[in-house]
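Scroll down for the structure; my scribbles are underneath it.
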Amino acid sequence: MRDVKLINIFEHHIAQKYLNRSGLAHAIAVAYHAFHLGKEHNQDIDIAAKAGLLHDMGHYTWYKNGKWDYDLYKQNDIHPIKGAERAHKLLIRLGENPIKAKTIALAILFHTDSFLPSNDIVRTSLQQIVKWADEKDEEAGGMHHYRTIDYDRAKQSIIRLDELVDAELSNANE
């Protein structure tokens with residue numbers, strides 16, 4: 001039994017604000033990748049999917065003259081820090097298990113090393129899965145943040161992913 005489902009997160013106005021800012025299509029794709037990678041590597045698929053969905057909710061819009069400035073973003077970005085904080089607060093507010101909320105927040109914090117001065121992070125398996133899931137959907141110059149998806153299609157994709165998570169958890173309990 002899950003305390004919070006992906007649809008509960010998706011429909012929350014705070015999640016909507018940040019998921020749309022950083023690219024809803026990308027967030028959903030990463031959630032699916034994280035689910036499949038979690039399943040493949042015997043990790044908690046519920047936590048993996050949630051971390052995948054929320055991994056970029058800390059993005060700030062680095063625009064210059066009305067256009068995304070990728071270089072400015074790369075120089076000044078701390079989105080994993082901000083995203084981990086926002087995700088944790090949202091998950092606790094929604095009633096997520098506090099241990100799961102912390103695990104998800106840490107996976108978000110370590111999904112990239114772009115904000116760190118060195119590339120020597122030792123990740124847990126779950127944190128590595130979220131990193132790989134994000135990398136699977138990346139496009140040059142951050143263009144993956146600009147792909148669009150219709151709200152109803154996005155909602156149906158989230159509902160389907162919830163069904164996949166529930167089915168896997170049910171199979172594991174049998």
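Which of the following residues is touching an Asp or Glu at 6+ places or on another chain (Cβ under 7 Å), open to solvent by 10 Å² or more (accessible area, probe 1.4 Å) and either modelled with pLDDT under 95 or under 26 Å from residue 113 (Cβ atoms) (or both): 25, 29?
Only one candidate passes the filter, namely 29.
From the residues in region 67-91 that are open to solvent by less than 30 Å² (accessible area, probe 1.4 Å) and either modelled with pLDDT of 95 or more or farther than 17 Å from residue 22 by Cβ (or both), which one is nearest to the chain's Cα centre (by Cα)?
87
For region 92-122: of the residues being surrounded by fewer than 13 Cβ atoms within 10 Å (Cβ to Cβ) and small (Gly, Ala, Ser), which is modelled with the highest pLDDT?
95
When you scan region 47-57, do you find a residue that is at pLDDT below 95, part of a helix (DSSP H, G or I) and open to solvent by 10 Å² or more (accessible area, probe 1.4 Å), even just one?
Scanning region 47-57 turns up no residue that is at pLDDT below 95, part of a helix (DSSP H, G or I) and open to solvent by 10 Å² or more (accessible area, probe 1.4 Å).
Which residue out of 162, 120, 113 is among the acidic types (Asp, Glu) and part of a helix (DSSP H, G or I)?
Going through 162, 120, 113 in turn, just one is among the acidic types (Asp, Glu) and part of a helix (DSSP H, G or I): 162.
May I ask you to say which residue of 163, 168 is open to solvent by 30 Å² or more (accessible area, probe 1.4 Å), more than 25 Å from residue 16 (Cβ to Cβ), acidic (Asp, Glu) and at pLDDT 90 or above?
One residue alone meets the criteria, 168.
Of the numbered conditions (1) in contact with a helix residue (DSSP H, G or I) (Cβ under 9 Å, 6 or more places away or on another chain); (2) closer than 22 Å to residue 41 by Cα, residue 167 satisfies every one except a single condition; which is it?
Status for residue 167: all satisfied but (1).
Here's a check for you: in region 123-146, which residue that is outside any helix (DSSP H, G or I) and at pLDDT 85 or above is least open to solvent (accessible area, probe 1.4 Å)?
137
Go through region 139-173 residue by residue and tally those that are within 24 Å of residue 112 (Cα to Cα) and among the hydroxyl-bearing types (Ser, Thr, Tyr).
2
The values are calculated or read from the model by the stated rules, or taken from the named source; none is laboratory data. Everything numeric here is computed off the predicted structure, so don't read it as measured data. Every residue, glycine as well, gets a Cβ built from its backbone with ideal geometry; the counts of neighbours run over all protein chains shown. Heads up: the accessible areas ignore ligands, DNA and RNA and are worked out on the full protein's heavy atoms, side chains in. Shrake-Rupley method; radii C 1.70, N 1.55, O 1.52, S 1.80 Å.
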